[in-house]
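Student: Handing you a structure now.
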Amino acid sequence: INAEYMGNLEMAVCGGVGASRPVDAEVAELLNELRPAILSSAQAQGFNGVFSEFHPVSYSTQVVAGTNYFVKIRVNTSDFIHVRIFKALPHAHAAPTVHSVQLHKHADDPITHF
């Protein structure tokens, strides 16, 4: 194995948050289902109004007893939020839930665990 190949590999940390990647169809569908709950959580934290946009930009995941999704969403031309969603393992027969929302984020803010 050459050094260049090894340098390009990302080391996975068990239980750690993975690298940020573009939103795919599965995550977009999950967010559309949870949009009302995301808005409600944002309003409970002081967000005043509705989302003039709802454009998921990128996300990271963390495997726990299910999956945590950490998602960056553009909610108007210059404002972003970060959303943490928990999706239980299939045997739990539980619906995905909005765990938390971070307001006042920017386009260049990295997605981190929260």
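The values are calculated or read from the model by the stated rules, or taken from the named source; none is laboratory data. Small disclaimer: the values here were computed from a predicted structure and weren't measured. Here Cβ is always computed from backbone atoms with ideal geometry, including for glycine, and neighbour counts include all displayed protein chains. These accessible areas exclude ligands, DNA and RNA; they are computed on the full protein's heavy atoms, side chains included. Shrake-Rupley method; radii C 1.70, N 1.55, O 1.52, S 1.80 Å.
Student: How much net charge surrounds PHE80 when only the other residues with a Cβ under 13 Å from the Cβ of PHE80 are counted, with Lys and Arg +1 and Asp and Glu -1?
Tutor: Once all neighbours under 13 Å are counted, the net charge is -1.
Student: Okay, moving on. Computing the accessible area with a 1.4 Å probe over protein heavy atoms, can you report the carbon and sulfur percentage for the chain?
Tutor: 56
Student: Of all alpha-carbon pairs in the stretch 16-65, indicate the percentage at a distance above 19 angstrom.
Tutor: 39
Student: Net charge around ALA37, counting only other residues with Cβ within less than 15 Å of its Cβ (Lys, Arg = +1; Asp, Glu = -1)?
Tutor: Taking every Cβ under 15 Å from that of ALA37, the sum is +1.
Student: Right, another one. Could you work out how far helix 25-44 tilts from the main Cα principal axis of the chain, as a 0 to 90 degree angle to the nearest 10?
Tutor: Tilt of helix 25-44: around 50 degrees.
Student: For the chain, list log₁₀ I(q)/I(0) at each q in 0.12, 0.23 Å⁻¹, using the Debye formula over Cα point scatterers of equal strength and ignoring solvent, two decimals each.
Tutor: Calculated log10 I(q)/I(0) at the listed q: -0.45, -1.35.
Student: For the stretch 19-114, state which GluC sites (Glu not before Pro) are in a DSSP loop and have at most 11 other beta carbons lying within 10 Å of their beta carbon.
Tutor: Counting only loop positions with at most 11 other Cβ atoms within 10 Å, the GluC sites (Glu not before Pro) in the stretch 19-114 are GLU53.
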